[in-house]
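Below you'll find the structure I mean.
The values are calculated or read from the model by the stated rules, or taken from the named source; none is laboratory data. This structure is a prediction, so every number in the text was calculated from the model and none was measured. Here Cβ is always computed from backbone atoms with ideal geometry, including for glycine, and neighbour counts include all displayed protein chains.
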Amino acid sequence: MSAAGIRPGGSPAGRGARLPNAVRAEWRKFATAGAARHLPAAILLIAVARAVLTARIYAWGYADLVPGDATGLERLLDISPARFAEAATGIGGLLALVLGVLVVTGEYATGLIRATALALPDRRLAPAAKALVAGAVAAVALAAAAGAAVLAGHLALPGPLAAAVPLADAEVARLLPATAVAGALLATLGVGLGLLLRRAGAAVLLALVWWWLVEPALPGLPRVGEALAPWRPFAALTAALGGDSPFRGVRLPWAEPAWGLAYFALWALALLAAGGWAWARRDVRPVAGD
């Protein structure tokens, strides 16, 4: 059978492959090929730019109030280090999801997926290895972006406000590891979507429609909206990162927002499992690019 139509299974030697070897191979592919390797830098730059812009907005508000005395103004303007750390989420989270998608769909677009299937006949290894590599990269990228955003935002504040606002606080200490976990989960979800749909455009569009259109509209649905709204996965993730409960007027099923990360993890792992199931039962064939 040709490489263009590889079926699940594999040779006895292939079955002896181990996950660490698969992870090393995925890391080499990520570091040397494809657009996904550029996304961590994009996440960092966007987070820093958003934090500096937020700081400049605070500076304009401060200039319109009482120049020369920042006492109490940081509270009046609602300035905190966590506001800068949150600059890494939102667009950064979306890029983490896209990173996971591209780790898979880039191989389908170039035909490298055939070599992956030949090298890893045990179809359980490739999804796990891709999720581990993409998740680790996204976790480090989002956490680093959040930390850099805190520093950049603080440095961009006017002197009196910078003196009144601490560089970090307990909320930042909570947010940095939560952001890392969120990045890993978003990338894992992206890997699952990529394995299911095999096309970057379709996978990213589906995620965007669900995240930014379906979930915001869900609470407004007659009869079922109120029951379903607390169980929206992206809303739970956003609440966990923002520390908000109830989330935008909707009471979540758990008292602590941090449990939203565990709930979102169930969705991410379920999508990865579904993608792995589809990967294990399909012929491996390149698909046309988006």
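Pairs only if they're at least six apart or on different chains, beta carbon under 7 angstrom, first in segment 111-122 and outside any loop (DSSP other than H, G, I, E, B), second small (Gly, Ala, Ser) and at pLDDT 85 or above; list them, first residue then second.
Listed by first residue and then by second, the contacts come to Thr116/Ala126; Ala119/Ala25.
Can you pull out the residues in segment 221-242 that are assigned to a helix (DSSP H, G or I) and among the β-branched types (Val, Ile, Thr)?
Within segment 221-242, Thr238 is the sole residue that qualifies.
Give me the pairs: first residue in segment 221-239 and under 29 Å from Glu171 (Cα atoms), second residue assigned to a helix (DSSP H, G or I) and of a type in the set (Ser, Thr, Tyr), beta-carbon distance under 7 Å, and six or more apart or on different chains, which are they?
Pairs that qualify, where the first residue is under 29 Å from Glu171 (Cα atoms) and the partner is assigned to a helix (DSSP H, G or I) and of a type in the set (Ser, Thr, Tyr), are Pro233/Tyr263; Ala236/Tyr263.
For segment 81-100, give me the residue count where each residue is among the β-branched types (Val, Ile, Thr) and farther than 20 Å from Leu45 by Cβ.
Counting residues in segment 81-100 that are among the β-branched types (Val, Ile, Thr) and farther than 20 Å from Leu45 by Cβ gives 0.
If you don't mind, there's one more thing I want to ask. Would you confirm, using the coordinates I've provided, whether Leu167 is under 21 Å from Ala141 (Cα atoms), part of a loop (DSSP other than H, G, I, E, B), out of contact with any Asp or Glu (no Cβ under 7 Å at 6 or more places or on another chain) and touching a residue at least 24 places away in the same chain (Cβ under 8 Å)?
The answer is yes for Leu167.
For (1) over 20 Å from Ala136 (Cα atoms); (2) modelled with pLDDT under 95, each residue gets a yes or a no:
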residue: Gly183; (1), (2): no, no
residue: Leu186; (1), (2): no, no
residue: Leu189; (1), (2): no, no
residue: Leu196; (1), (2): yes, no
residue: Glu215; (1), (2): yes, yes
residue: Leu218; (1), (2): yes, yes
residue: Arg223; (1), (2): yes, yes
residue: Ala227; (1), (2): yes, yes
residue: Pro230; (1), (2): yes, yes
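With part of a helix (DSSP H, G or I) and closer than 30 Å to Ala59 by Cβ as the only criterion, which of Leu185, Leu218, Leu161, Leu208 stands out? Reasoning before the result, please.
Working: Leu185 fails: closer than 30 Å to Ala59 by Cβ; Leu218 fails: closer than 30 Å to Ala59 by Cβ; Leu208 fails: closer than 30 Å to Ala59 by Cβ.
It is Leu161.
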